[in-house]
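The values are calculated or read from the model by the stated rules, or taken from the named source; none is laboratory data. Computed from a predicted structure; not experimentally measured. Cβ atoms come from the backbone with ideal geometry, glycine included; neighbour counts cover every protein chain shown.
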Amino acid sequence: MQLIKLIILSIVIISNPMLHADPKGSARLDQMDANQNGEITLDEFNLSQLKRFNLIDLNGDGTITEAEFLKSISNRFDKMDLNSDEVLKKKEIRKALRKIKKQEKRLQDNQKKQPKPFIKQ
């Protein structure tokens with residue numbers, strides 16, 4: 001069982017787009033900077049981590065069971081297994097990470113294009 005957990009943890013580390021998408025991590029930092037002032041406070045950092053926790057806590061009970069953790073890993077594996085052969089190859093991982101990076105950039109670009117509300121004083 002320990003070997004399985006080690007393998008799963010390795011997959012998480014390898015497939016984590018935060019570690020590969022941007023060498024300086026600027027995109028991730030921008031997401032964490034809630035008030036967009038160029039600084040990340042402890043509250044902003046904690047909020048970001050809480051959001052990630054809530055994504056894994058599938059039943060919302062405030063705890064992450066092994067089953068919930070493994071389900072989140074399985075979902076990530078499935079997204080990266082582009083040809084659905086239940087095997088991840090280096091080329092496939094790189095392609096999946098590029099796809100994830102493009103999706104994140106598209107989302108950020110769409111958020112930047114949103115018009116600012118006009119408030120007449």
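Selection over the stretch 59-112 of residues that are farther than 23 Å from Q31 by Cβ, free of Cβ contacts under 8 Å to residues at least 12 places away in the same chain, of a type in the set (A, V, I, L, M, F, W, C) and assigned to a loop (DSSP other than H, G, I, E, B) gives a count of 1.
Restricting attention to the stretch 84-102, the residues that are surrounded by fewer than 10 Cβ atoms within 10 Å (Cβ to Cβ) and not aliphatic (A, V, I, L, M) total 5. Do we have D30 as part of a loop (DSSP other than H, G, I, E, B), in contact with a helix residue (DSSP H, G or I) (Cβ under 9 Å, 6 or more places away or on another chain) and at pLDDT below 85 here? Here the answer is no, as D30 does not meet what is asked.
Within the stretch 103-120, does at least one residue satisfy the condition of being farther than 22 Å from Q36 by Cα, modelled with pLDDT under 85 and loosely packed, with under 12 Cβ neighbours inside 10 Å? Yes, some residue in the stretch 103-120 is farther than 22 Å from Q36 by Cα, modelled with pLDDT under 85 and loosely packed, with under 12 Cβ neighbours inside 10 Å.
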